[in-house]
Amino acid sequence: MSARERRPLLFAFISVLLCGMITVVFGVWPRRAAAQPQELPAKIATLGGRAELSRKGGPWAAAALRDELSAGDAVRTIAGRLAVLTGSGQSLRLGAHTQIVFAADAGPATAGPTQLRMNGGLLWVAVMPNSPPPTHIEVRAGPATVTARGGGATIGMNPDGSVRVAVYHGGVTVSGEGWQRALVQDQTLLVPPVGAPVETGLLKREKRDAEWAKWNEQQDRAGGYGARIEK
């Protein structure tokens with residue numbers, strides 16, 4: 001067979017090969033595009049100090065970097081700090097002597113935010129701007145429920161049972177029994193142990209919180225969670 005006679009067969013072979021490759025690529029692509037990361041399990045991304053975790057109410061054991069936390073699991077800091085990242089990259093940063101518990105599974109999965117309970121301490125919640133609602137974070141802290149929808153905010157639980165929420169950038173919604181408040185940058189709210197809080201106040205950067213706030217704001221800028229808008 002001459003070279004001229006073999007040329008049409010070669011072209012036909014290449015055409016079939018290309019069609020097969022296109023079918024594989026475009027047949028798989030929709031499934032990959034539709035796949036979204038599950039928020040849980042979350043993962044311990046940074047650990048500076050001592051921390052412990054509990055699996056679904058079980059005994060406490062030493063926590064380690066890259067440990068995973070699923071529904072019903074808890075983590076607490078003994079000393080130092082700890083950062084947890086959800087599946088989409090939202091961040092929970094625990095100060096010293098802070099404990100959080102991820103809500104246990106309560107049936108079929110829903111499109112709601114990641115829910116957790118805070119049992120004392122100091123927590124910074126960072127959610128990337130324009131994140132879809134299923135990736136938001138909802139924290140139950142004593143009498144208040146804080147829903148972070150974008151930006152960086154800190155939640156502090158006081159010995160008297162009150163809760164202080166402060167927004168450094170972005171916004172959160174704080175709610176309780178019969179009331180709700182929307183907070184934006186440079187606003188703070190003190191939630192009493194019982195009853196509705198008074199009006200929101202302006203955020204005052206106190207010396208005792210300066211190092212904590214500075215570290216977290218640096219983490220937010222570096223991690224793509226946004227930064228304070230200068231007015």
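No lab work stands behind these numbers, since they all come straight from the coordinates. Note that the structure is a prediction, hence the values are computed from the model and not measured. Using ideal geometry, Cβ is built from the backbone for each residue, glycine included, and neighbour counts are taken over all protein chains shown.
Could you let me know the centre-to-centre spacing of the stretch 183-217 and the stretch 86-142, using Cα atoms, in angstrom?
19 Å
For a quick check: with amide H placed at 1.01 Å from N, whose amide H comes under 5 Å from Arg149's, ignoring anything fewer than 5 positions away on the same chain?
Gly171, Thr173
Separation between the Arg228 and Gln180 pseudo-spin-labels, each 7 Å from Cα along Cα→Cβ, expressed in nm?
Result: 2.9 nm between the two label points.
Between Ala62 and Ala196, what is the spin-label point distance in nm, taking each point 7 Å from the Cα along the Cα→C-beta axis?
In this crude spin-label approximation the distance works out to 5.0 nm.
For all pairs of alpha-carbon atoms in the stretch 42-223, what percent lies in each bin of width 10 Å, listed from the first bin to the last filled one?
10, 40, 38, 12, 0
Could you tell me what a quarter of the Cα convex hull surface of the stretch 96-149 works out to, in nm² with one decimal place?
4.1 nm²
Counting each pair of different Cα atoms once, what's the Kirkwood radius of the stretch 157-231 in Å, rounded to one decimal? Numbers along the way, then the final one.
On the way: mean 1/r = 0.0741 Å⁻¹.
Final number for the Kirkwood radius of the stretch 157-231 is 13.5 Å.
What length, rounded to one decimal in nm, is gained on full extension from Arg205 through to Arg140, with 0.36 nm per residue of separation minus their alpha-carbon distance?
So the extension gain works out to 21.0 nm.
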